[in-house]
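The values are calculated or read from the model by the stated rules, or taken from the named source; none is laboratory data. Everything numeric in this text was worked out from a predicted model, so none of it was measured. So basically every Cβ, Gly included, is an ideal-geometry build from the backbone, and we count neighbours across all protein chains shown.
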Amino acid sequence: MANYQLTKDHDIATIWMDQPGSEVNTLSVKMLDEFSNLLDQIEQNNDIKAAVLISKKDHCFIAGADIKDLMAIEDSKAVENLSREGNKILMRLQNLKKPVIAAINGACLGGGLEVAMACHYRLATTDKKTVFGLPEIKLGLLPGGGGTQRLIKLTNLRFGLDALLTGKNIYPHSAKKAGLVDSLVHKEGLYQAALKIAANPIKRKPKKSSLVDKALNTSMGRNYVLKKARETVQRKTRGNYPAPLRILDCVETGLEHGMTAGLEAEAMGFGALHATPASKNLIGLFLAMQENKKLKNNNKTENVEALSMIGAGFMGAGITEVSIKNGYDVVLKDISNEGLASAMQTIWSDFTQMVKKKAMGAVERDRLMSKVKTTTQDDDLNGSDLVIEAVFEDIDLKQRILADVESRCKKSTVFATNTSSLPLANIAAKAAHPQNVVGMHYFSPVPKMPLLELIVTDKTSKKARQMATNVGIKQGKTVVVVKDGPGFYTTRVLSALTHEAIKVLHDGAKIEAVDAAMKDWGFPVGPLALMDEVGIDVGAHIARGALGEMFVNRGIEQDDTVQKLAEAKLFGRKAGKGFYTYPKKGRKSVNTDIYRYFGGEERKDMSNTDIQNRIGLIFVNECVHCLEEGILFSAKDGDLAAILGLGFPPFTGGPFSHIDATGADQVLATLQALEQQHGSRFAPAPLLVKHAENNQPFVK
């Protein structure tokens, strides 16, 4: 079946894109070949003076390349040639004597944006679903269809580099202001406006450049920007991600030697990056996140119509925000009107930031805000299908709230507790309907963090589990289901990591050396800086509970230093002081006073490898324990949750993929050496021993 349909209105041709059997259009080898044939027809037909390229899909122009298509190609030379051939077709489009107008509504991403940029004019809608971007860097790749060349030419060096190196979304008004698109129109008038533009000679206002951009358009200015960009990339990626530097190489080649040379550098870079483990792992992560959406079930009995939220603190506000933004009406209940007002102000501020960035209209913001009903009255919860509770981590309080919800709501109402460490079985111990109780562990800040850890017990019904899953996916989260237990999965493995970071400090390491080593290993922040962000008092509270008891029962001696730090009110950032000090102005710095809890200020040098093996592998080993005990349902779930919830190095593919890549036998040998040196907390999980002996991978 054809991906394109060519129609003709007088002397204007229209290319309708409509990939059969798919909600979106994606670029593939087949599509590019068909497109090349269409260009032949347009070129050879003297009755055609101009063309409009438009999609028949509701919310998609072209969503990018078909990733599975790309992954199926094993030979990187073939991938390099694919880029080269694609660029030839897009150069044909760019050089076509007849103007082609890209009429864009919905997602115009990756290869889709590269096609649009090769057209002679870009008209886009202001619809909220319209978005532009070159997200290839998130897959460990670079744009392979001229993106590194045309984006800079259409916009400017600063804007182009920012878009290329972040892969961020660009919304219509920002795209227009930068020069990425030529004009904007309401969705309903897109096709007629495109035909009108195609019927007349294209007129553009001269591009305005700021004084800064004019300065940067000189050879000296460009070199300065590229040099600074390389320094920033090296500082942020610490050599773990090859794609950003390749992108900079392509941009520089194009600026210095022209577009043909830039496109050749792009093709070679595209092939080379495709062969890297980092790209394979990042693409695997992307596909796993896409696959995760299929957990959603549209069975009517498992859908949630009436959603309520108890607790209007920071977490409650965040959960409410992602709920209303993704289609739910929410009853938000708190014990005080002040708490409700604060939550509404938080949501309003977040939406207003989006309005300022032109990512949302003011009318849309007001409409979304109207979807929240705030209340202090318990009776307003009575009609709920699902109630999410986000109050303090206090077992008695959570049990009382659950009992009250059960007394007033339907027998089928699902109760979801947002807890990071309290065992779900304890919260549901006195429940009348324990089959309706689940845990929904959101991560802070909720609007930005992509993971939802969904906790179930042996008593949780399939229906309750599916209802909570449906809500999480609709909220835009990647949902990983785990079995109940102390700390579940993420809090438990993170506690193992931070506990070892404390041990490393006791052994004389410097605070900044610990954090730097783990950032070099691939974590976005070091473990001690993370403890400051989460709150050292929070870590102390968790260590006092069931999770601490579990580690003690396993023969792992618990350190009371975190308790002492909490008692001294060294809570971290919120207190202005923890492992670092946080002045009101200026950068944070190491709090050397804290060393008195770790044997004094005299510190010693410890190698990066020693720090990384101790902290990184104790984390990985704990992940294996979770899989062995059935806390995790699969190694893939463990990889996904560790990356999305805890920042485990994405380029590795996750802790289980890291074991597979390193070799289970090698990880086992390192842990055994650490056990000899530091004690039983490094005892390898029996499942790891088994996989090492059988040379068996965790992720199939």
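Please name all residue pairs, on different chains or six or more residues apart, with Cβ atoms under 6 Å, provided the first residue is in segment 352-364 and is closer than 18 Å to Lys177 by Cβ and the second residue is outside any helix (DSSP H, G or I) and not charged (D, E, K, R).
Met354/Met360; Lys358/Tyr171; Ala359/Tyr171
Looking at segment 261-279, is at least one residue within 15 Å of Thr148 (Cα to Cα) and among the β-branched types (Val, Ile, Thr)?
The answer is no; no qualifying residue exists.
Where the second residue is not in a helix (DSSP H, G or I) and the first is over 20 Å from Leu184 (Cβ atoms) and lies in segment 158-171, which pairs have Cβ atoms under 7 Å and are six or more apart or on separate chains?
Here the result reads Leu164/Leu134; Gly167/Gly133; Gly167/Leu134, each pair linking segment 158-171 to a residue that is not in a helix (DSSP H, G or I).
Filtering segment 59-82 down to residues that are among the charged types (D, E, K, R) and touching a residue at least 60 places away in the same chain (Cβ under 8 Å), which residue is farthest from Val131 (Cα to Cα)? Give the steps one after another, and end with the answer.
Here is the first cut: in segment 59-82, the residues among the charged types (D, E, K, R) are 66, 68-69, 74-75, 77, 80.
If we keep only those that are touching a residue at least 60 places away in the same chain (Cβ under 8 Å) as well, we get 68, 77, 80.
Working: Lys68: 22, Lys77: 32, Glu80: 27 Å.
Out of the qualifying residues, it is Lys77.
Tell me which residues, restricted to segment 331-345, are surrounded by 20 or more Cβ atoms within 10 Å (Cβ to Cβ) and either polar (S, T, N, Q) or in contact with a helix residue (DSSP H, G or I) (Cβ under 8 Å, 6 or more places away or on another chain) (or both).
Let us first name the residues in segment 331-345 that are surrounded by 20 or more Cβ atoms within 10 Å (Cβ to Cβ), namely 331-334, 340, 343.
Within segment 331-345, Val331, Leu332, Lys333, Asp334, Ala343 qualify.
Kindly list the number of the only condition in (1) more than 20 Å from Gly487 (Cβ to Cβ); (2) assigned by TED's automatic domain parsing to the domain that holds Gly555; (3) in contact with an Asp or Glu (Cβ under 7 Å, 6 or more places away or on another chain) that fails for Gly663.
In the conditions (1) more than 20 Å from Gly487 (Cβ to Cβ); (2) assigned by TED's automatic domain parsing to the domain that holds Gly555; (3) in contact with an Asp or Glu (Cβ under 7 Å, 6 or more places away or on another chain), Gly663 misses (3) alone.
In this structure, does Thr670 turn out to be closer than 12 Å to Ile618 by Cα, surrounded by fewer than 22 Cβ atoms within 10 Å (Cβ to Cβ) and among the hydroxyl-bearing types (Ser, Thr, Tyr)? Give the steps one after another, and end with the answer.
Working: closer than 12 Å to Ile618 by Cα: yes; surrounded by fewer than 22 Cβ atoms within 10 Å (Cβ to Cβ): yes; among the hydroxyl-bearing types (Ser, Thr, Tyr): yes.
For Thr670, the condition - closer than 12 Å to Ile618 by Cα, surrounded by fewer than 22 Cβ atoms within 10 Å (Cβ to Cβ) and among the hydroxyl-bearing types (Ser, Thr, Tyr) - is met.
Check Ala102, Ala124 and return the single one that is crowded, with 24+ Cβ neighbours inside 10 Å and either in contact with a Cys (Cβ under 6 Å, 6 or more places away or on another chain) or free of Cβ contacts under 8 Å to residues at least 12 places away in the same chain (or both).
Values: Ala124 fails: either in contact with a Cys (Cβ under 6 Å, 6 or more places away or on another chain) or free of Cβ contacts under 8 Å to residues at least 12 places away in the same chain (or both).
Among Ala102, Ala124, only Ala102 is crowded, with 24+ Cβ neighbours inside 10 Å and either in contact with a Cys (Cβ under 6 Å, 6 or more places away or on another chain) or free of Cβ contacts under 8 Å to residues at least 12 places away in the same chain (or both).
Take the conditions assigned by TED's automatic domain parsing to the domain that holds Lys177, touching a residue at least 12 places away in the same chain (Cβ under 8 Å) and more than 12 Å from Thr148 (Cβ to Cβ) and apply them to Tyr241. Does it pass? Break it down stepwise before answering.
Details: assigned by TED's automatic domain parsing to the domain that holds Lys177: yes; touching a residue at least 12 places away in the same chain (Cβ under 8 Å): yes; more than 12 Å from Thr148 (Cβ to Cβ): yes.
Yes, satisfied.
Considering only residues of segment 1-60 that are touching a Gly at 6+ places or on another chain (Cβ under 9 Å) and in a helix (DSSP H, G or I), which is surrounded by the fewest Cβ atoms within 10 Å (Cβ to Cβ)? Break it down stepwise before answering.
Quick first cut of segment 1-60, residues touching a Gly at 6+ places or on another chain (Cβ under 9 Å) only: 1, 24-27, 29, 32, 55, 57-60.
Now restrict to residues that are in a helix (DSSP H, G or I): 29, 32.
Values: Val29: 15, Leu32: 20.
Checked segment 1-60; the qualifying residue surrounded by the fewest Cβ atoms within 10 Å (Cβ to Cβ) is Val29.
Name the single residue that is farthest from Lys227 (Cα to Cα) among those in segment 276-288 being in contact with a Lys or Arg (Cβ under 8 Å, 6 or more places away or on another chain) and surrounded by fewer than 18 Cβ atoms within 10 Å (Cβ to Cβ). Before you say what the answer is, go through the steps one by one.
Of all residues in segment 276-288, those in contact with a Lys or Arg (Cβ under 8 Å, 6 or more places away or on another chain) come to 282, 286-288.
So of that shortlist, the ones also surrounded by fewer than 18 Cβ atoms within 10 Å (Cβ to Cβ) come out as 286-287.
Working: Phe286: 31, Leu287: 34 Å.
Taking the candidates together, the pick is Leu287.
In segment 61-79, which residue that is crowded, with 20+ Cβ neighbours inside 10 Å and part of a helix (DSSP H, G or I) is modelled with the highest pLDDT?
So, considering only residues that are crowded, with 20+ Cβ neighbours inside 10 Å and part of a helix (DSSP H, G or I), the one modelled with the highest pLDDT is Val79.
Taking segment 192-213 as the search range and keeping residues that are surrounded by 16 or more Cβ atoms within 10 Å (Cβ to Cβ) and under 37 Å from the mean Cα position of the chain (by Cα), which one is nearest to Lys138 (Cα to Cα)? Explain how you work it out, then say what you get.
Residues of segment 192-213 surrounded by 16 or more Cβ atoms within 10 Å (Cβ to Cβ): 193-195, 197-198, 213.
So of that shortlist, the ones also under 37 Å from the mean Cα position of the chain (by Cα) come out as 193-194, 213.
Working: Ala193: 34, Ala194: 32, Asp213: 27 Å.
The residue in question is Asp213.
Got a sec? Which helices (runs of 4 or more DSSP H) wholly within segment 513-628 have at least 3 residues that are closer than 25 Å to Ile395 by Cα and over 25 Å from the mean Cα position of the chain (by Cα)? Write out each step before concluding.
Working: elements: 527-534, 536-544, 546-553, 561-567, 608-628.
In segment 513-628, the matching helices (runs of 4 or more DSSP H) lie at 536-544, 546-553, 561-567.
For every residue, the table says whether it meets (1) part of a loop (DSSP other than H, G, I, E, B); (2) within 18 Å of Asp249 (Cα to Cα).
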position: Phe132; (1), (2): no, no
position: Ile137; (1), (2): no, yes
position: Ala163; (1), (2): no, yes
position: His173; (1), (2): no, no
position: Leu180; (1), (2): yes, no
position: Ala193; (1), (2): no, no
position: Ile197; (1), (2): no, no
position: Lys203; (1), (2): yes, no
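Determine whether Lys636 is over 30 Å from Lys577 (Cβ atoms), surrounded by 17 or more Cβ atoms within 10 Å (Cβ to Cβ) and within 25 Å of the chain's Cα centre (by Cα). Let's see the steps before the verdict.
Working: over 30 Å from Lys577 (Cβ atoms): yes; surrounded by 17 or more Cβ atoms within 10 Å (Cβ to Cβ): yes; within 25 Å of the chain's Cα centre (by Cα): yes.
Against the criterion (over 30 Å from Lys577 (Cβ atoms), surrounded by 17 or more Cβ atoms within 10 Å (Cβ to Cβ) and within 25 Å of the chain's Cα centre (by Cα)), Lys636 qualifies.
Restricting to segment 242-275, and then to whatever is in a loop (DSSP other than H, G, I, E, B) and touching a Ser or Thr at 6+ places or on another chain (Cβ under 9 Å), can you tell me which residue is surrounded by the most Cβ atoms within 10 Å (Cβ to Cβ)? Give the derivation first.
Of all residues in segment 242-275, those in a loop (DSSP other than H, G, I, E, B) come to 242, 258, 275.
Filter once more, so that each one left must be touching a Ser or Thr at 6+ places or on another chain (Cβ under 9 Å): 242, 275.
Working: Pro242: 19, Ala275: 14.
Ranking the qualifying residues of segment 242-275, first place goes to Pro242.
With segment 311-428 as the region, which strands (runs of 3 or more DSSP E) entirely inside it contain at least 1 residues that are farther than 30 Å from Arg492 by Cβ and of a type in the set (D, E, K, R)? Don't jump to the end; show me each part of the working.
Details: elements: 330-333, 372-375, 386-389, 414-417.
Because the criterion is at least 1 residues that are farther than 30 Å from Arg492 by Cβ and of a type in the set (D, E, K, R), the strands (runs of 3 or more DSSP E) in segment 311-428 that meet it are 330-333, 372-375.
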